[in-house]
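**Q** Have a look at this one before I ask anything.
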Amino acid sequence: MTSRRTLLQQDIDFRVLRILQETPDTTQREIAKKLGVSVSGLNYCLKALIEKGWVKVQNFSESKNKFGYVYMLTPRGIAQKTALTSEFLIRKMREYEALRLEIESLRLEIVNQQGERPWNT
């Protein structure tokens, strides 16, 4: 079974790869803000993705990033993003189903206690 920490890291990796694929010239500060993480935490994550060979950094003079960097997904990074997307989707669908069942159970509990439905569903 995959640990909670590993799943969290996979989610962050997936989200970073997704942002970089959509907007390669985004800044670390912008990515960190979108993800709700610190810039130093994001920097650590980006360095790990670069070390894994999933992302490469290129100088690009027309970048909106004041340092002129563009973060590009490598072919390995694109393949890994695809795998992470699939895993992320499966995990979120399971979470959704569990939450849906819990909500239905709570609704039935209220109906059994109050004898009526307090909502229109």
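**Q** Around VAL55, which amide H atoms from residues at least 5 apart in sequence, or from another chain, sit under 5 Å from its own amide H, with H modelled in the peptide plane?
**A** Amide H neighbours of VAL55: ILE50, THR74.
**Q** What is the helix-to-structure angle for 75-114, meaning the angle in degrees between its Cα long axis and the longest Cα principal axis of the chain, kept from 0 to 90 and rounded to the nearest 10?
**A** Between helix and principal axis, roughly 20 degrees.
**Q** Given C-alpha coordinates of the chain, what is the ratio Rg to Rh with the Kirkwood estimate of Rh?
**A** Rg divided by Rh gives 1.20.
**Q** With everything on Cα atoms, drop me the angle between helix 4-22 and the longest principal axis of the chain, reported from 0 to 90° to the nearest 10.
**A** With both axes taken from Cα atoms, the answer is about 60 degrees.
**Q** Which residues make up the longest stretch of the chain that has no chymotrypsin sites (Phe, Trp or Tyr not before Pro) in a DSSP loop with at most 16 other Cβ atoms within 10 Å?
**A** 1-59
**Q** Could you work out what % of the accessible surface of the chain is carbon and sulfur, using a 1.4 angstrom probe and leaving DNA, RNA and ligands out of the count?
**A** Carbon and sulfur atoms account for 55 percent of the accessible area of the chain.
**Q** Follow-up question, since we're still on this one. Can you give the accessible area of SER40 in Å² (nearest 10), computed on protein heavy atoms with a 1.4 Å probe?
**A** Approximately 90 Å² for this residue.
**Q** Another question, then. Please compute the length gained on full extension between ARG29 and LEU7, using 0.36 nm multiplied by the number of residues separating them and subtracting their Cα-Cα distance.
**A** 5.6 nm
**Q** Choose one of THR2, LEU42, LEU108: the residue whose Cα lies farthest towards the positive end of the charge dipole of the chain (beta-carbon charges +1 Lys, Arg; -1 Asp, Glu; about the Cα centre).
**A** LEU42
**Q** Once the other residues with Cβ under 13 Å from the Cβ of GLU22 are scored (Lys, Arg +1; Asp, Glu -1), what is the net sum?
**A** Local net charge: +2.
**Q** Give the accessible area for GLU102 in Å² (nearest 10); use a 1.4 Å probe, count only protein heavy atoms, and leave out ligands, DNA and RNA.
**A** 110 Å²
**Q** Continuing with the same structure: Between GLU102 and SER40, what length in nm is gained on full extension when 0.36 nm per residue of separation is reduced by their alpha carbon distance?
**A** 18.6 nm
**Q** Given Cβ point charges of +1 (Lys, Arg) and -1 (Asp, Glu) and nothing else, what value in debye, to the nearest 20, does the dipole of the chain about its Cα centre take?
**A** 440 debye
**Q** Tell me the angle of helix 39-51 to the major Cα principal axis of the chain, expressed in degrees between 0 and 90 and rounded to the nearest ten.
**A** The angle comes out near 70 degrees.
**Q** Trypsin sites (Lys or Arg not before Pro), restricted to the range 1-90: which are DSSP loop and have at most 13 other Cβ atoms within 10 Å?
**A** Sites meeting the loop and neighbour criteria: LYS52, LYS64, LYS66.
**Q** Skipping prolines and chain starts, which residues have an amide H placed within reach, meaning under 5 Å, of the one on TYR69, given they are 5 or more residues away or on another chain?
**A** PHE60
The values are calculated or read from the model by the stated rules, or taken from the named source; none is laboratory data. The model shown is predicted, which means the values in this text are computed figures rather than measured ones. Glycine also receives a Cβ, built like all others from the backbone with ideal geometry; neighbour counts cover every protein chain displayed. Heads up: the accessible areas ignore ligands, DNA and RNA and are worked out on the full protein's heavy atoms, side chains in. Shrake-Rupley method; radii C 1.70, N 1.55, O 1.52, S 1.80 Å.
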